[in-house]
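Values quoted throughout were computed directly from the atomic coordinates according to the rules given, and no laboratory measurement underlies them. Just so we're clear, the structure is a prediction, and the values are computed from it rather than from any experiment. We place every Cβ from the backbone using ideal geometry, glycine too, and count neighbours over all the protein chains shown.
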Amino acid sequence: MSEPVPPESGLSLHHVQLAIPSGSEDRCRAFYIDTLGMSEVAKPEALAARGGLWLRSGRLEIHLGVDDAFHPATKAHPGILVDDLDAVGTRLVAAGVRVTWDDLFPGHRRFYTTDPVGNRLEFLIPT
């Protein structure tokens, strides 16, 4: 058995990839860019032909990749840290997006929602 990797090893997360169905890029742009305020990142030319899109906000990147056998991730999800949880929740609700608050994670406030294709997203802030 190998030794655990020490926290100072320099490991960090570059991006999270979520699957989307073919043809849903515009609906996802409206949600991630217009509602959440993320920016689209140009995909490398060799990858752009595959469809999907890449998004960024600060150091957070979410890559949305087209999957012909798409099934939304209804359990697995990214946990997205935010500076103002209430503002994000209010913005989502104003856009007609359902937000489900959850108080079961000690030391954090959080809620869940889904993107336009049904992928689960968690937004949270330490208390």
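What to note about this one:
- For the stretch 42-115, the list of trypsin sites (Lys or Arg not before Pro) that fall in a loop by DSSP and count at most 14 other C-beta atoms within 10 angstrom reads R50, R59, K75, R98.
- Going from the fewest other Cβ atoms within 10 Å to the most, the residues D83, D115, D102, D67 appear in the order D83, D102, D67, D115.
- Read-out Cα extents along the principal axes in Å, derived from the coordinates shown; its label in [x] 45, 40, 27; [y] 41, 29, 26; [z] 48, 31, 22: [x]
- Mean Cα-pair separation over length for the chain, i.e. relative contact order, pairs under 8 Å, 6 or more apart, %: 25
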